[in-house]
Each structure stands twice: as C-alpha cells, then as structure tokens.
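This report concerns only the one structure given below.
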Amino acid sequence: MTQPLWAQPIESLAPRLKTGTLSPVALTQACLDRIAQVDGKLQSFIHVSATALDQARTAEREIKAGNWRGPLHGIPVGVKDNYLTRDMPTTAGTVAPDISFPLRDSAAAARLRRAGAVLIGKTRTHEFAWGNVTPPVHNPWDLSRVPSGSSGGSGAALAAGLCTAALGSDTGGSIRMPASVTNTVGLKATFGRVSRDGVVPHSWSLDHAGPLTRTVADAAHMLNVLAGYDAADPACQAQPTPDYTKALRKPIKGLRLGVCRNHFFERNQPDVERAVEQAISDLAAQGASVHEFKVPLLEYGLGAIFAIELASSTAYHDVSLRAGRTPHYQPDVRSLVEIGRFVTGPDYLKAEQYRAVLMEEFRKAFDNVDVILGPTTPVTAWKIGEWIVDVGGKQESVLAASWRFTYPYNLTGLPAISVPCGFDRAGLPIGLQIAARPFDEMTLLRVAHAYERTHEWKDRLPNI
Amino acid sequence: MRGISPPFLHVPATKSTSMSIPPDPYRDILGIDFTPERLEENLAAFDDIRREIEKLRRLDLTDVHPAIVFEPTAPYRKGGGK
C-alpha cells in the first residue's frame, strides 16, 4: 500500500518532484494539513512558516522551467528553533526577558534554501538546547511519553509526518536520542563537518548541527547539502565532501564491526539489548566480522562531559546570570546554567585532557574495526514527568542514563548515526547507534543503509 | 623581574583593612551570588555531577595536552562555504 505523501521519504519523493509528477505545493500542503490535524496533540512546532506555500510555488516554477536544484528541491524541512532564520523568529526555546536573536539565516538554513528546500517552520527545542526532554512536545508513538531532546520537536514532527526532514543539534546526543525514541534516523556528522554558524551556542566544543530523516538515504541527501567548509564556524574543517549517496547499496562484506562491551552494554533495558544484539547479528550475517573490545576510560566520561558542557553553557549565559534573568528560565535549565559556576577552571581543562586520551583510545580501537555498533539509548521513551527510570533492573536518573551512549561521540567528535532497529514490548522504538572514524561518514552511512534495507522498521508509522 | 608586574598583582594599601574580613568563597572567589536557599538547592542539584567530576580529578593526566588548540591564524581565514 502506498503511504500518504506526508509519510514518504525524500528518496521516493525527489524523483517525482524532479519529473513534475508530484507538485511541491501538494507535498507542502499535505504537511501543513498534517500539522493542522495533529500538532495540537504533539506541540512539535513553535512556529509554522507563513511563506511555506509561496516557497513551494517558487520551487514548482523553477522545476517546471527546467531548473531542478537537486533532491531537496521542494522538500518541506522543519528547522529546530535554535537555528537562525531570516523569515521566522528564533527563540531557542526561551521566554526569558531581554533575550532575542537576529532575523538572519544560519549557514544550514541558507544551504537548505539554496538547495530549494521549503523551510516549513521552526520545531521546538528544550530551552537553549539543554536536556534530554523537550517540553511541551509529546512522542507520537505514545502521547504520554517524551520525544527525548533537545531536538524533540524535530523528532516528533518528522515521525508524525509534519515535515519530510528536519534539522537538529547535538551536544550530548540531542539529534540521536530523539531519533532513537521516534523511529527516525538521526545523523551527527564529524565535529567540523557541518557549519554551526547561526546556531545558538550551547557548548562550543561539543555542539554539532545535523539532520533527522526518515531513512538513511535521506540523511545522505541532507548531508550532501549541509556538509562543507565555512569560515564563519571556527571549528569547521576544509575536508573533501563526497557524494554521500554513493555510500548506499554497497555491500558490507569484509567490513569489521566493533562492539565496545563495556559502558555500552553494561546496563540496558532488556528489550533494547535484545534488539541491538539482533541487529549486530543481522549485520554480521551480511558478511561482516564482529570484533569486541573495551574502552575502560569511558568510566570517567560523564564527569568530563558535565565539566565541559556546564562550564561552557554557563560562560555563554554569564551575562544573563549576572542580570538576574535565569529565574525566568525553565527550572531544570536554570539549575544547569547556575551550577556550571561550581565547575572550576582546572576541572574544565582536566576534562579537555581526558578528552584527548579518550580520542586516542578510540583511534586505537579503529585500528581493528571500521565502525562501532551499540544502542543509541539504554531506555525507550520514558513517561513525561518521570525523572527516574528502570534500566536493566536498576533505578537510575534519566539525566545520567539517557545520554550515556551518545555523549562519548560528542567528547570524541566522531560521526555517529541512530537507525531504527525495532520496538520494545510496549511498542516503543529502539535505536541502533553506529560510529565511525573522523570524516568517514561514507562508511557510517554504508553500514546504516545495509541494516536499514534488510529491515522494515522505517515503514512503521505511529498511530496518531 | 622588575618593571613588568601587572597592576593587578599590587595590593593597594587601602585594601589592607579588608584582610580582616575573609572573602566569601562562593561570592568573592567563584563569583556566585545566589541566595542561601538557592545556593543550597544548586549544591544539591550538583551533588551527583560533583561525584563524577571528582572521579575525573583522580586521573593523572599531567603529560596530556588538552584537546584544545590555540589557532592564531583563525581571524585571518577568508572565504567560506555558506
């Protein structure tokens, strides 16, 4: 059965948009109708573009005139509300007084516009992209549960068919965690691969910009547009930008799959562990070999990322802190911004020293493997308002558990992707995380696609 | 080394009386100016994180250069990929 327009991926829409058998206006209207129909329940958009249909009409005219710009031409994309946009307000999720952001395009928004995408609206972020939830957004797979965060608006909107792709940002897992709990694909490319110019900073050396998509092929299409050097982002690197879609459909026979048995497999919900072990077996069955290893140093990672993230975020918010604006922040964000003051200079630099050693440990691991596989999150979507979760029989704070497997790749800057790999017995999505060497997104996408094309998880839709 | 000490290293004579009042470690040293109640709440919220940072402090990383590179040519980079 053909899926409705709003549920289809870029890879199936783009050829029809190119040939004119599908109108960008019809596609955009389908998403706008879907927003009108279900976003009252989801709350995933904070702003819907007043010009979305105009953008779609422009795309239609250009395509009809023979000026097809590429696979994103006429595709409705949701933009996380911490990316600056010239025609839509940016709030970064805050209502605190005397904080405003300019009306100009971030590098990512500008690249998407040049590719002909329709920027359909701004998706909700948790305030200043902090945290692992995105209030007031609900998860379309179970409205009583969180879509995780901080790109939870993008995850929820995409999963429910309110846009065809979305932008997220990822400081400790904020693209991959929402992707994992909403049955979508989330790609955090290598630090320096995608410009963060015009993305409201959270923690300068941890922040990544990137896409959430329905499929791995769609992630490759988005990365083709987003990747590239930008002098306006001091971390951006002038590395070659291949055509990432060429990574797709390549066999993985002979590739070496790494499985880091400590940290990533020490405590998971049983259904998560089962699904991920099955995914590893399924990939091995395609002719890849599995190599297990350990990185004992990961035991110190949580302290390191907290030291860096808290100190950086507090430095960014220092003026607001001194001006007495933080009491207007959401309570959890206020606490995190304020307690960053307790992190000392030596703590911060010790964390950066640790980071150098951790990067070296992963480099050694990549001497023997081509990718590293594991769960994206140890838990599936938790209930809204729940701060303690059961993880493998142990009661654990959401703050500690949720990002345990994603933050190592922010500390190391390695590319990582979350791909749907099943559902738990409550019908909630589970994500498989794949990481690769720096700037080796090709291998990352190759393995992710090899898994995705032999499973049907991506075709399941939430009943909303 | 005479003549190069920056002014902030010289303690003005008028400050000498302040020596009788020890500086508040939170307010005067760390620049934290929360109410006592808010300070207590934040210290409680920081407790689990503090334990993790304490673990990190126990590592001997003396010979490791931090993962930070000072790059003096950054302001001179031109062009871009926007």
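The values are calculated or read from the model by the stated rules, or taken from the named source; none is laboratory data. Please read all numbers here as calculations on a predicted model, not as lab measurements. Note that each Cβ is placed from the backbone with ideal geometry, even for glycine, and that neighbours are counted across all protein chains shown. Surface accessibility is based on the protein's heavy atoms, side chains included, excluding ligands, DNA and RNA. Shrake-Rupley method; radii C 1.70, N 1.55, O 1.52, S 1.80 Å.
Taking amide H atoms as placed 1.01 Å from N in the peptide plane, the amide H of A:Thr190 lies under 5 Å from those of A:Phe439, each 5 or more residues away in sequence or on another chain.
Distance between the pseudo-spin-label points of A:Ala26 and A:Thr344 (7 Å out from Cα toward the beta carbon): 6.6 nm.
Accessible surface of A:Ser397, taken over heavy atoms with a 1.4 Å probe and every protein chain present, rounds to 40 Å². A DSSP coil position with no more than 15 other Cβ atoms inside 10 Å describes the following trypsin sites (Lys or Arg not before Pro) in the range A:371-446: A:Arg425. Amide H contacts of A:Ile46 (H built 1.01 Å from N, in plane; Pro and chain starts excluded): A:Lys122, A:Thr123, A:Arg124 sit under 5 Å, all sequence-distant by 5 or more or on other chains. In order along the range A:308-323, the phi-based Karplus estimate (6.51 cos²θ - 1.76 cosθ + 1.60, θ = phi - 60°) of 3J(HN,Hα) comes to 6, 5, 5, 4, 5, 4, 5, 4, 4, 9, 4, 5, 5, 4, 6, 7 Hz; Gly and Pro are listed as x.
Between the beta carbons of A:Asn463 and B:Tyr76, assuming R0 = 51 Å, the FRET efficiency works out to 0.35 to the nearest 0.05.
Legend: residues in the range A:325-353 shielded by at least 20 square angstrom of accessible surface upon adding the remaining protein chains to the isolated chain (1.4 Å probe, heavy atoms) are A:Arg334, A:Ser335, A:Glu338, A:Ile339, A:Arg341, A:Phe342, A:Asp347, A:Leu349, A:Lys350, A:Glu352, A:Gln353.
With contacts taken as Cα pairs under 8 Å at a separation of at least 6 residues, the range A:123-184 carries a relative contact order of 32 percent. For the range A:183-310, the relative contact order is 23 percent, taking Cα pairs closer than 8 Å that sit 6 or more residues apart in sequence and dividing their mean separation by the residue count.
The region of chain A that goes longest without hitting one of the GluC sites (Glu not before Pro) in a DSSP loop, each with at most 16 other Cβ atoms within 10 Å, is A:1-265.
A Cβ-based charge dipole, computed about the Cα centre of the protein assembly as shown with Lys and Arg at +1 and Asp and Glu at -1, lands at about 1480 debye. The Rg/Rh ratio of the range A:1-153, with Rg taken over Cα atoms and Rh as the Kirkwood radius over Cα pairs, comes to 0.99. Rounded to the nearest 100, the interface formed by chains B and A buries 3100 square angstrom of accessible surface, both chains summed, with a 1.4 Å probe. Looking at the range A:172-262, the trypsin sites (Lys or Arg not before Pro) that sit in a DSSP loop and have at most 15 other Cβ atoms within 10 Å of their own Cβ are A:Arg249, A:Lys253, A:Arg261. Which residue, A:Val216, A:Ser195, A:Leu206, has the largest displacement toward the positive end of the dipole of the range A:150-218 when charges sit on each Cβ (Lys, Arg +1; Asp, Glu -1)? Positive-end residue among those listed: A:Val216.
Evaluated at q = 0.10, 0.13 Å⁻¹, the base-10 log of the normalised Debye intensity for the protein assembly as shown, with identical point scatterers placed on the Cα atoms, takes the values -0.78, -1.32.
Excluding residues on the same chain fewer than 8 positions from A:Lys64, give the lysines whose Cα lies under 16 Å from its Cα. Straight-line reach from A:Lys64, under 16 Å: A:Lys18.
Among the residues of B:24-31, the average count of other protein chain beta-carbon atoms within 10 Å of the residue beta-carbon is 1.
Measuring r between the beta carbons of A:Thr51 and A:Ala232 and using R0 = 22 Å, the FRET efficiency lands at 0.30. Taking amide H as placed 1.01 Å from N in the peptide plane, the amide H of A:Val290 sits under 5 Å from that of A:Leu257, each at least 5 places away or on another chain. Relative contact order for chain A: 17 percent, from Cα pairs under 8 Å spaced at least 6 residues apart, divided by residue count. Counting, for every residue in B:38-51, the Cβ atoms of other protein chains within 10 Å of its Cβ and taking the mean gives 5. Whole-Hz Karplus values for the range A:121-137 come out as x, 9, 8, 5, 10, 5, 3, 6, 6, 7, x, 10, 10, 9, x, x, 6 Hz, taken residue by residue from phi with 6.51 cos²θ - 1.76 cosθ + 1.60 and θ = phi - 60°; glycine and proline positions read x. For an R0 of 22 angstrom, estimate the FRET efficiency from the Cβ-Cβ distance between B:Tyr26 and A:Asp318 and round to the nearest 0.05. Efficiency for this residue pair is about 0.90.
Using equal-weight Cα scatterers in the Debye expression, the normalised intensity of the range A:141-278 in log10 at q = 0.12, 0.17 Å⁻¹ is -0.56, -1.08. Gyration tensor analysis over the Cα atoms of the range A:186-253 returns equivalent ellipsoid semi-axes of 23, 13, 10 Å (largest first, whole Å). The residue list A:Gly40, A:Leu53, A:Gly66 was ranked by how far each Cα lies along the charge dipole of the range A:35-94 toward its positive end, using unit charges on Cβ atoms, and A:Gly66 comes out on top. A straight Cα-to-Cα reach below 17 Å connects A:Lys350 with the aspartates and glutamates A:Glu299, A:Glu309, A:Glu360, A:Glu361, B:Glu52, B:Glu54, B:Asp60, B:Asp63, residues fewer than 8 places away in its own chain not being considered. Please list log₁₀ I(q)/I(0) at q = 0.18 Å⁻¹ for the range A:247-381, using the Debye equation with identical point scatterers on the alpha-carbon positions. Values, matching the q order: -1.02.
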